[in-house]
Amino acid sequence: MKKRIFSMLLAGAMVFGLVACGSNTDTATTGDAATGGDTTEQTTAAADGSVLNIYCWNEEFKSRVTDHYPGYEATGDNEGKIGDVTVKWNITPNENNAYQQNLDETLLKQADAAANDKIDLFLVEADYALKYVDTDYTMPVADLGITEDELANQYQYTKDVMTDSNGVLKGLSWQGCPGTFIYNREAAKEVLGSDDPADVQAAVSDWNKFADTAAKMQAAGYKMTATANDTYRVFSNNVSGKWVQDGKVVVDDNIKNWVEMSKKMVDAGQTGTQDLWSDDWSKGFYPDGKVFSYFGPAWLINFCMAADQEGSIANQGGWGACEGPQGFFWGGTWICAATGTDNADLVADIMRQLTTNEDVMLDIVKKDSDFVNNKPAMEKCAQDDSYAFDVFGGQNPLAMYCAGAEKIDLSNQGAYDQGCNEEFQKAMKNYFDGNATYDEAIEQFNKAIVEKYPELKTE
């Protein structure tokens, strides 16, 4: 069943979720899964293979390993050594689903691949983690010898993301990604009279105050956010139920609240409708872009907001951070051990060093400004001014990140989240731009969802 679902994915029938859905009711059946047979035999294979194959989509994890894993030696652009083991990096960008397609195609061949060609370790993101977690393609962390006691200091939500429908943990992360309200200090001083985080928080502490502040910003020539999509993840992280309930797609009331607020803001000129990551969206990284705020975790401000570009707000230390109207998280990268690996011991040690070794994790915070998945480490950093962010003008936001990470609730996470969220935002853009009524936009969404997931019903 699972192999058939992966084949459907590769044929383009869908891009997310059905592997998890198809395996929820039959996770114990392994004869036609990635192992091609008995999983016990596969997972107890030799743990001393001569090649470690790692599949990922960018240089982030590679840099964490090369910079922080003890004993790693770089031998080329996409090769390295750990002891006698050759490390090969297979990096395929995320664009147009290329990474998942490459990973899926290779996993289908895993059972029959030569030992040195097997995937040993691969990475997944939160939006599609369940696609891999609820299959036999991922090894249980416990089968690697990693115990619950070793993971006691990790934030619970990072473990919830990678827990399958039978309660089995299938991957670990070195980072947490709680989000904050990131604001333009100069705009705050001009419009609100202060750029102090406590004062800005008072102006955006709930969505009604957020709307009032948006009107003030608009009157002063600033957009409150670059695009309506900037706030979407905050609302979608705080829904009361899953996207799919009893086989039916349900638009949560909090998603409807986002639509109502966003339409008013777009019509008032307080935000735009461009896509995240577009050139128009990123204009607000610079003073002339006249954008007051973005919503995001540490990785957004440190790595995506032009901090290394002269003249950018981040480069000038001109952003600040406060909690904002609601807590949320965005993104994250998880390490999975591929079933059939012949380097299980090494994969386990990489997981341990990067996600449980407090000294290594503190080094990641100091060198990479990453928020790491270790409570004691982050609590130490939150009290230490040497961990202040230059992009925040010397503010140390880690205490609010720590508080946010503790509050993240994934009880309404589902296998269809990525597809539903993407298609809903696409449909609502037509409504916000005045090219469709709300009902017409909902009809567009329903049609797209049924095409993507034929087994679902819509309201």
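Taking interchain pairs and intrachain pairs at least six residues apart, which have beta carbon atoms under 8 angstrom, with the first residue in the range 433-459 and buried (at least 18 other Cβ atoms within 10 Å of the Cβ) and the second part of a helix (DSSP H, G or I) and hydroxyl-bearing (Ser, Thr, Tyr)?
Short answer, once both residue conditions are applied: Ala441/Tyr431.
Against the condition in a loop (DSSP other than H, G, I, E, B), of a type outside the set (S, T, N, Q) and closer than 19 Å to Val291 by Cβ, how does Gly340 come out, does it pass? Show your work before the answer.
Values: in a loop (DSSP other than H, G, I, E, B): yes; of a type outside the set (S, T, N, Q): yes; closer than 19 Å to Val291 by Cβ: no.
Taking the combined requirement at face value, the residue does not satisfy it.
Would you tally the residues in the range 284-314 being without any contact (Cβ under 8 Å) to a residue 24 or more places away in the chain and either outside the structural domain of Gly269 (by TED's automatic domain parsing) or within 17 Å of Arg185 (Cα to Cα) (or both)?
So the count comes out to 1.
Restricting the search to the range 240-268, which residues are surrounded by 19 or more Cβ atoms within 10 Å (Cβ to Cβ) and of a type outside the set (Gly, Ala, Ser)? So that I can check it myself, show each step before the final result.
So the first thing to find is which residues in the range 240-268 are surrounded by 19 or more Cβ atoms within 10 Å (Cβ to Cβ), and the list is 243-244, 249, 255, 258-259, 261-262, 265-266.
Answer for the range 240-268, where residues must be surrounded by 19 or more Cβ atoms within 10 Å (Cβ to Cβ) and of a type outside the set (Gly, Ala, Ser): Trp243, Val244, Val249, Ile255, Trp258, Val259, Met261, Met265, Val266.
Does the range 66-86 hold any residues that are assigned to a loop (DSSP other than H, G, I, E, B) and under 12 Å from Ser50 (Cα atoms), and which are they?
So the first thing to find is which residues in the range 66-86 are assigned to a loop (DSSP other than H, G, I, E, B), and the list is 69-71, 77-78, 83-84.
The answer is Gly83, Asp84.
Output the residues belonging to the range 145-173 that are crowded, with 21+ Cβ neighbours inside 10 Å and either assigned to a helix (DSSP H, G or I) or touching a His at 6+ places or on another chain (Cβ under 9 Å) (or both).
Matches in the range 145-173: Tyr157, Thr158.
Give the range 367-388 a look and list any residue that's under 25 Å from Thr356 (Cβ atoms) and surrounded by fewer than 21 Cβ atoms within 10 Å (Cβ to Cβ), or say none. Steps first, please.
Filtering the range 367-388 for residues under 25 Å from Thr356 (Cβ atoms) gives 367-384, 386-387.
Once the filter is applied, which keeps residues that are under 25 Å from Thr356 (Cβ atoms) and surrounded by fewer than 21 Cβ atoms within 10 Å (Cβ to Cβ), the range 367-388 yields Lys367, Asp368, Ser369, Lys375, Pro376, Glu379, Lys380, Ala382, Gln383, Asp384, Ser386, Tyr387.
Can you pull out the residues in the range 119-142 that are surrounded by fewer than 24 Cβ atoms within 10 Å (Cβ to Cβ), within 21 Å of Phe329 (Cβ to Cβ) and either at pLDDT below 90 or among the aliphatic types (A, V, I, L, M) (or both)?
Scanning the range 119-142 gives Leu123, Ala126, Asp127, Tyr128.
I need every pair where a residue in the range 59-87 that is in contact (Cβ under 8 Å) with a residue 40 or more places away in the chain has its Cβ under 6 Å from the Cβ of a residue that is among the aromatic types (Phe, Trp, Tyr), sequence separation at least 6 or different chains.
Val65/Tyr72; Ile82/Tyr72
Does the range 87-119 hold any residues that are more than 18 Å from Glu59 (Cα to Cα) and either assigned to a strand (DSSP E or B) or among the small types (Gly, Ala, Ser) (or both), and which are they?
Ala111, Ala113, Ala114, Ala115
Identify the residue in the range 296-319 that is touching a helix residue (DSSP H, G or I) at 6+ places or on another chain (Cβ under 7 Å) and in a loop (DSSP other than H, G, I, E, B) and, among all such residues, is nearest to Asp368 (Cα to Cα). Don't jump to the end; show me each part of the working.
If we filter the range 296-319 for residues that are touching a helix residue (DSSP H, G or I) at 6+ places or on another chain (Cβ under 7 Å), which is where we start, we get 298, 301-302, 305-307, 312-314, 317-319.
So of that shortlist, the ones also in a loop (DSSP other than H, G, I, E, B) come out as 305-307, 312-314, 317-318.
Values: Met305: 15, Ala306: 15, Ala307: 13, Ser312: 20, Ile313: 19, Ala314: 16, Gly317: 17, Gly318: 19 Å.
Looking at the filtered set, the residue picked out is Ala307.
If I ask for residues that are surrounded by fewer than 20 Cβ atoms within 10 Å (Cβ to Cβ) and closer than 30 Å to Tyr137 by Cβ, which ones from the range 312-341 would you list?
Once the filter is applied, which keeps residues that are surrounded by fewer than 20 Cβ atoms within 10 Å (Cβ to Cβ) and closer than 30 Å to Tyr137 by Cβ, the range 312-341 yields Trp330, Gly331.
Can you tell me which residue among Ile82, Ile91, Ile182 is surrounded by fewer than 20 Cβ atoms within 10 Å (Cβ to Cβ), within 21 Å of the chain's Cα centre (by Cα) and aliphatic (A, V, I, L, M)?
Ile91
Answer yes or no as to whether Ala314 is at negative phi and modelled with pLDDT under 95. Give the derivation first.
Details: at negative phi: yes; modelled with pLDDT under 95: no.
Answer is no for this residue.
Among the numbered conditions (1) assigned to a loop (DSSP other than H, G, I, E, B); (2) farther than 24 Å from Asp439 by Cα, tell me where Met217 comes up short.
Every condition holds for Met217 apart from (1).
Given Ala298, Ala268, which one is small (Gly, Ala, Ser) and within 28 Å of Cys402 (Cα to Cα)?
Details: Ala268 fails: within 28 Å of Cys402 (Cα to Cα).
Ala298 is the lone residue from the list that is small (Gly, Ala, Ser) and within 28 Å of Cys402 (Cα to Cα).
Restricted to the range 389-432, and to residues that are charged (D, E, K, R) and surrounded by fewer than 18 Cβ atoms within 10 Å (Cβ to Cβ), which residue is farthest from Gly272 (Cα to Cα)?
Within the range 389-432, the subset charged (D, E, K, R) is 390, 406-407, 409, 417, 422-423, 426, 429.
Those left that are additionally surrounded by fewer than 18 Cβ atoms within 10 Å (Cβ to Cβ): 390, 406-407, 409, 422, 426.
Numbers: Asp390: 28, Glu406: 32, Lys407: 30, Asp409: 29, Glu422: 17, Lys426: 14 Å.
Out of the qualifying residues, it is Glu406.
I'm trying to understand the selection: among the residues of the range 228-250, which are among the acidic types (Asp, Glu) and closer than 23 Å to Lys429 by Cβ?
Let us first name the residues in the range 228-250 that are among the acidic types (Asp, Glu), namely 230, 246.
Hit for the range 228-250 is Asp230, nothing else.
Given the conditions (1) farther than 30 Å from Tyr453 by Cβ; (2) among the hydroxyl-bearing types (Ser, Thr, Tyr); (3) touching a residue at least 60 places away in the same chain (Cβ under 8 Å); (4) not assigned by TED's automatic domain parsing to the domain that holds Met265, and given that Thr147 satisfies all but one, which numbered condition is not satisfied?
That leaves (3) as the condition not met.
The values are calculated or read from the model by the stated rules, or taken from the named source; none is laboratory data. Treat the numbers as computed from the prediction; the structure is a model and nothing was measured. No Cβ is skipped: glycine too gets one built from the backbone with ideal geometry, and neighbour counts run over all protein chains shown.
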